[in-house]
Amino acid sequence: MRRLREERDRLRDRIAAGRSQAVDRQHSLGKRTARERLDLLLDEGSFIEIDMFRRHQAHGLGMERQRPHTDGVIAGSGTIDGRRVFVYAQDFTIFGGSLGEAHALKIQKVMDLALSTGSPFIGLNDSGGARIQEGVMSLNGYGGIFQRNVQASGVIPQISVVLGPCAGGAAYSTALADFTFMVHDTAQLYLTGPDVVEAVTGESVTHAQLGGAQVHGTRSGVATFVHDDEESCLEEVRYLVSMLPSNNLSLPPALPSCGAATDTRPRLAEIVPAEPNKPYDMRLVIAELVDDEDFLELHEGWARNVICALARIDGEVVGIVGNQPMVLAGVLDVAASQKAARFVRFCDAFGIPLLTLVDVPGFLPGTDQEYDGIIRHGAKLLYAYCEASVPRIQVIVRKAYGGAYIVMDSRSIGTDLSLAWPTNEIAVMGAEAAVNVIHRRELAAAADPAALRARLVEEYSEELVHPNYAAERGLVDDVIDPADTRSAVARGLAMLRDKRKHATPRKHGNVPL
Ligand code: HXC
């Protein structure tokens, strides 16, 4: 047996040594090899490789002369913090990591194992796309991967890490995953490369301009996380996995309670200004509420007017959605609705409770938004919340106006626990705007319109906008001291831990896409 193992190790070294030039090129581009990446991602010594001996069986175009073992992808299983995951890492030094039939079948094999064992699936992508020499069999290979991506969606977490080119078909597998990581300067993700773009449209564009990490992290929203180098990127993949359940039937990995149920956070009242229009950073509020002030923000550079983050409160994993008053006053727009909707659906699929922090002036008005389909995209967020059966807690931090109040996990769409601070404003619209509409004639006829407006605004605020109005009608469950928010949320999560809600049987709903 020892001899067999030694022979195997020798073969593995020979595979790498035979391509030393390609490996040097990979390093000179600031990229690591597939095996080096797996070493960074997985617990030391945990990797179990499968199909190392596999080779393509293609003929023609000189393919018989090159039949390297692995066929340009290292596949298998390992552990992250002792928990099992299934992985593949494309090897750009063999056929540019391109995907032919054998390559695709190896990826499909680990996907099948990930699904049947209920383990997260992680793909490290570095590939020129469909292997040109294998023609339609390469395309067929992608189809089998997409089919499995979709079957596994909502059953096991799927993570796509882009560490080099990821062109053509490979881009769709990334889009079907739950999370996409990219690295600045080396990662490129697009359906058609710059040459094709120029040939078809005449537009001259670089790889980075077309599909670099900056573009996907800030404009298209394809990249969930963007990193400066592979080390920090793969470290963050490990951190993400540490907060995810292995599958939809397992609980998210909890840590022991840290006594949050009795914590007070007096700084919260200082962070949030009383004036409804003064900006502040909602991330500071989140840091006060979560354990160790530590949270993992998704899409940090895209749709920044809403924050989506994973964190722990009293050891329990929670998904946090919060309006960000620092960006566009925290309004909901097309991109923010898409970002938050997908996150809510992910958390719901994997049993992660939702905490929604509300400080929202409304939906962004204007022709741009209407023409871009804010009704359709806003409906995605509405749909996602209405459908979510995980424990749901809403905290109204400052203001909650109009349709955006309803959408941000209000009582009417099914939140389990709604908490409000005493300084809140919950209403159809702000007091000034409301008074201008309902008292237009009196104000126009008044001898001193400013004085009249001030009095009417005060009356309206006291009667209709104060959270007591909502609390007296059961739309808010409790009005709490801001300092007690962390403890109230921790107690709420404990109260809702055993929540079970079964959907009415149907094939599937028709979520507005
Ligand atoms: C076969 C490929 C390949 C491919 C690269 N190589 N892409 N071999 N099929 N798709 C090989 C190269 O021939 C080269 O081999 C080696 O990989 C390294 O490639 P270079 O071009 O030298 O590297 P670089 O300069 O870094 O450029 C990387 C690249 C470029 C940008 C990815 O190779 C490229 O544009 N490739 C083609 C991309 C593409 O159009 N793919 C098809 C997508 S269509 P040697 O022997 O010289 O080292 C698709 C459809 C699927 O995927 C649709 C499913 C729905």
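The values are calculated or read from the model by the stated rules, or taken from the named source; none is laboratory data. Because the structure is predicted, anything quoted here is derived from the model rather than measured. A quick note on method: Cβ atoms are made from the backbone with ideal geometry, for glycine too, and the neighbour counts reach across all protein chains shown.
Taking residue 110, is it more than 7 Å from the ligand (Cβ to nearest atom), over 19 Å from residue 177 (Cα atoms) and of a type in the set (A, V, I, L, M, F, W, C)?
On the way: more than 7 Å from the ligand (Cβ to nearest atom): yes; over 19 Å from residue 177 (Cα atoms): no; of a type in the set (A, V, I, L, M, F, W, C): yes.
No; evaluated as a whole, the condition is false for this residue.
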What are the residue pairs meeting all of these: first residue in the range 77-100, first residue within 26 Å of residue 117 (Cα to Cα) and not assigned by TED's automatic domain parsing to the domain that holds residue 52, second residue modelled with pLDDT under 95 and within 16 Å of the ligand (Cβ to nearest atom), Cβ atoms under 6 Å, and 6 or more apart or on different chains? none
One residue is enough: does the range 217-224 have a residue meeting the conditions surrounded by fewer than 19 Cβ atoms within 10 Å (Cβ to Cβ), of a type in the set (Val, Ile, Thr) and either farther than 26 Å from residue 318 by Cβ or more than 16 Å from the ligand (Cβ to nearest atom) (or both)? yes
Filter the range 188-216 down to the residues that are away from the ligand (no atom under 12 Å from the Cβ) and buried (at least 23 other Cβ atoms within 10 Å of the Cβ) and list them by number. 213, 216
Can you name the residue in the range 122-135 that is without any contact (Cβ under 8 Å) to a residue 40 or more places away in the chain and either touching a Pro at 6+ places or on another chain (Cβ under 7 Å) or more than 10 Å from the ligand (Cβ to nearest atom) (or both) and, of all such residues, is nearest to residue 252 (Cα to Cα)? 128
Kindly list, by first and then second residue, each pair from a residue in the range 161-177 that is in contact (Cβ under 8 Å) with a residue 24 or more places away in the chain to a residue that is in a helix (DSSP H, G or I) and near the ligand (Cβ under 6 Å from one of its atoms), limited to pairs with Cβ atoms under 6 Å and residues at least 6 apart or on different chains. 169/142
Matching residues in the range 464-507 (over 22 Å from residue 423 (Cβ atoms) and of a type in the set (Val, Ile, Thr)) number 1
Enumeration of residues in the range 337-383 that are under 22 Å from residue 159 (Cβ atoms) and out of contact with any Cys (no Cβ under 8 Å at 6 or more places or on another chain): 338, 341, 342, 344, 345, 346, 347, 348, 349, 350, 351, 352
Every residue in the range 147-169 that is under 19 Å from the mean Cα position of the chain (by Cα) and near the ligand (Cβ under 8 Å from one of its atoms), please. none
Out of (1) surrounded by fewer than 21 Cβ atoms within 10 Å (Cβ to Cβ); (2) within 35 Å of the chain's Cα centre (by Cα); (3) assigned by TED's automatic domain parsing to the domain that holds residue 324, the one residue 472 does not meet is (2)
If the requirement is being part of a helix (DSSP H, G or I) and in the same structural domain as residue 392 (by TED's automatic domain parsing), which of these qualifies: 283, 304, 312, 265? 283
Filter the range 225-249 down to residues that are under 23 Å from residue 348 (Cβ atoms) and in contact with an Asp or Glu (Cβ under 7 Å, 6 or more places away or on another chain) and give me whichever is farthest from the ligand (Cβ to nearest atom). 242
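Among the residues of the range 482-491, is any outside any helix (DSSP H, G or I) and modelled with pLDDT of 90 or more?
no
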Unique match (being surrounded by fewer than 22 Cβ atoms within 10 Å (Cβ to Cβ), in the same structural domain as residue 284 (by TED's automatic domain parsing) and modelled with pLDDT of 95 or more) among 392, 376: 376
Say we look at the range 170-187 and pick out the residues that are under 22 Å from residue 80 (Cβ atoms) and among the polar types (S, T, N, Q); which of these is farthest from the ligand (Cβ to nearest atom)? 180
Per-region count, the range 37-57, residues out of contact with any helix residue (DSSP H, G or I) (no Cβ under 8 Å at 6 or more places or on another chain) and assigned to a loop (DSSP other than H, G, I, E, B): 5
Can residue 51 be described as more than 24 Å from residue 183 (Cα to Cα), surrounded by 14 or more Cβ atoms within 10 Å (Cβ to Cβ) and touching a Ser or Thr at 6+ places or on another chain (Cβ under 9 Å)? yes
Options 344, 306, 331, 317; residue that is β-branched (Val, Ile, Thr) and over 19 Å from the mean Cα position of the chain (by Cα): 331
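Does at least one position in the range 67-90 carry a residue that is in a loop (DSSP other than H, G, I, E, B) and among the aliphatic types (A, V, I, L, M)?
Among the residues of the range 67-90, not one is in a loop (DSSP other than H, G, I, E, B) and among the aliphatic types (A, V, I, L, M), which makes the answer no.
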Just wondering, is there one or more residues in the range 196-207 that are of a type in the set (Gly, Ala, Ser), assigned by TED's automatic domain parsing to the domain that holds residue 89 and in contact (Cβ under 8 Å) with a residue 60 or more places away in the chain? no
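Test of understanding: among 237, 200, which residue is among the hydrophobic types (A, V, I, L, M, F, W, C) and within 22 Å of the chain's Cα centre (by Cα)? Walk me through it before giving the result.
Numbers: 200 fails: within 22 Å of the chain's Cα centre (by Cα).
Going through 237, 200 in turn, just one is among the hydrophobic types (A, V, I, L, M, F, W, C) and within 22 Å of the chain's Cα centre (by Cα): 237.
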Output for the range 203-232, where each listed residue is within 19 Å of the chain's Cα centre (by Cα), of a type outside the set (A, V, I, L, M) and under 13 Å from residue 166 (Cβ atoms): 211, 212, 216
